[in-house]
Amino acid sequence: MLMIPPAEVLRQVVHVAVMAPSSHNTQPWKFRIHKDVLEVHTDPARHLPVIDADGRQRLQSCACALYNARVGVRAMGFVDEVTVMLTDDVDRDLVATLHLGAPHISTETDLALMRAIPLRRTNRRSFLPRPVASAITDVMIAAATAEGATMVRLSPDEKHLISHLVHEADRAQFGNPAFRAELTGWLNPIGSRRKDGIPFVEKEYGSNLPFTVARTIRSPSLGNDFGKLEEDHIDQSPVVFVIGTPTDDRVDWIACGQALEAVLLHATSLGLSASFLNQVLEVPGSRAQIGEMIPGIGFPQMVLRIGIPEDPVHHPAPRRDVADVLEMI
Ligand SMILES: Cc1cc2nc3c(=O)[nH]c(=O)nc-3n(C[C@H](O)[C@H](O)[C@H](O)COP(=O)(O)O)c2cc1C
């Protein structure tokens, strides 16, 4: 039997890791392979100082990549042995190490999640008005729980309250010139050759307005218009989830990122798509309100709406080349 060297298996795993979602598609990760160990690091140069001053979303994004890497390792026939970095005093940019463990017979779930990785896309459009059975949401809730997070499906009343808070958060954020400047730096006009950032097409947001990036960001009423669009999307979405963790420390941010990607991959494998509503957690007042509204959620870390996509994503977000983010030592 032909044996692939461990470092080569892990190099292939990095190709899978980089397909993970990340805040503003910053792809704030770096990888290092040494023999049978993959190190996942966060890249502080890809920080978002306005919406993510404490680096919470940056670590969550790296943890999504870590989760993809774990799925890749299992699908390639090895146990995934993860050590999350617990201390703040060593290398603060090291998120986790992933060892290639003993041989493992890949399960149906391993393979289904692996197939879902390249198919998963953030879909910001509206979803079909079809209910999602609790048997299906229970699978996603169990996936989040297995990673150490709590995920709660909101009642119609809670959903409506969140949609209102999201509208308010959009208005507040777009009223801040520093927020608009940061966002502009990560929105790509169509035709751009950039390998990071979000391709900007109004239709991908479910709007028919033919706006360019520059005109959109200059428009003073955008926060209100965008907030209204999001409010309608949320009210019409069959499922809104909030993911929370018991503490708000780095270890729990990493747990939440892994839980998030587990949920997104299960959703994809079940024919569902997700859209993020994290602006509501970037405004401190509304984050606290959500924490108080949902008993047992702890610290709210992520708000998602989920449903059957009406239309696929036509302009997938690009990725940097693996060679730009991987060091083999
Ligand atoms: C931690 C985190 C926070 C995110 N927050 C938002 C958000 O608030 N709004 C949004 O539209 N997308 C959000 N996204 C989605 C990213 O913009 C998306 O993953 C990225 O553009 C890459 O696109 P893809 O998911 O289709 O691969 C978030 C992703 C992550 C991992």
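Read the figures in this text as sums done on the coordinates, not as results from a lab. Fair warning: this is a prediction, and the values are worked out from it, not measured in the lab. Positions of Cβ are generated from backbone atoms using ideal geometry, with glycine treated the same way; all protein chains shown enter the neighbour counts.
How far apart, in nanometres, would the label points at residue 36 and residue 128 be if each is projected 7 angstrom from Cα along the Cα-to-Cβ direction?
4.6
Treating only the Cβ of Lys, Arg, Asp and Glu as charged (+1, +1, -1, -1), what charge dipole size does the chain show about its Cα centre? Round to the nearest 20 debye.
Numbers: 32 positive and 40 negative charges, 202 e Å.
In debye, rounded to 20, the chain gives about 980.
Cα centroids of segment 1-73 and segment 213-271: how far apart, whole angstrom?
Between the Cα centre of segment 1-73 and that of segment 213-271, the gap is 20 Å.
Give me the one-decimal nm value for the distance between modelled label points at residue 288 and residue 4, 7 Å along each residue's Cα-to-Cβ direction.
5.0
Which of 232, 138, 91 ends up with the largest GNM mean-square fluctuation for the chain, with Cα atoms connected below 10 Å?
Ranking 232, 138, 91 by mean-square fluctuation puts 91 first.
Among 182, 231, 204, determine the one that fluctuates most according to a GNM of the chain built with springs between C-alpha atoms less than 10 Å apart.
Judging by the Gaussian network model, the answer is 182.
Counting other C-beta atoms within 10 Å, and keeping those with at most 15, which DSSP coil trypsin sites (Lys or Arg not before Pro) do you find in segment 136-225? Working shown, then result.
Details: sites: 153, 159, 171, 180, 193, 194, 195, 203, 215, 218; in loops: 193, 194, 195.
Within segment 136-225, the qualifying trypsin sites (Lys or Arg not before Pro) (loop, at most 15 other Cβ atoms within 10 Å) are 193, 194, 195.
Quick check: convex hull of the Cα atoms in the chain, volume per residue, rounded to a whole Å³?
Values: hull volume 43.6 nm³, N = 329.
In the chain, the Cα convex hull volume per residue is 133 Å³.
Over what distance in Å are the Cα centres of segment 134-204 and segment 275-329 separated?
Centre-to-centre distance over Cα atoms comes out at 5 Å.
Are there any GluC sites (Glu not before Pro) in segment 265-329 that are in a DSSP loop and have at most 15 other Cβ atoms within 10 Å? List them by number. Before the final figure, lay out each step's value.
Values: sites: 282, 292, 310, 327; in loops: 310.
Qualifying residues, ordered by number: 310.
In Å and on Cα atoms, what radius of gyration and Dmax does segment 6-119 show?
That works out to 14.1, 45 Å for Rg and Dmax.
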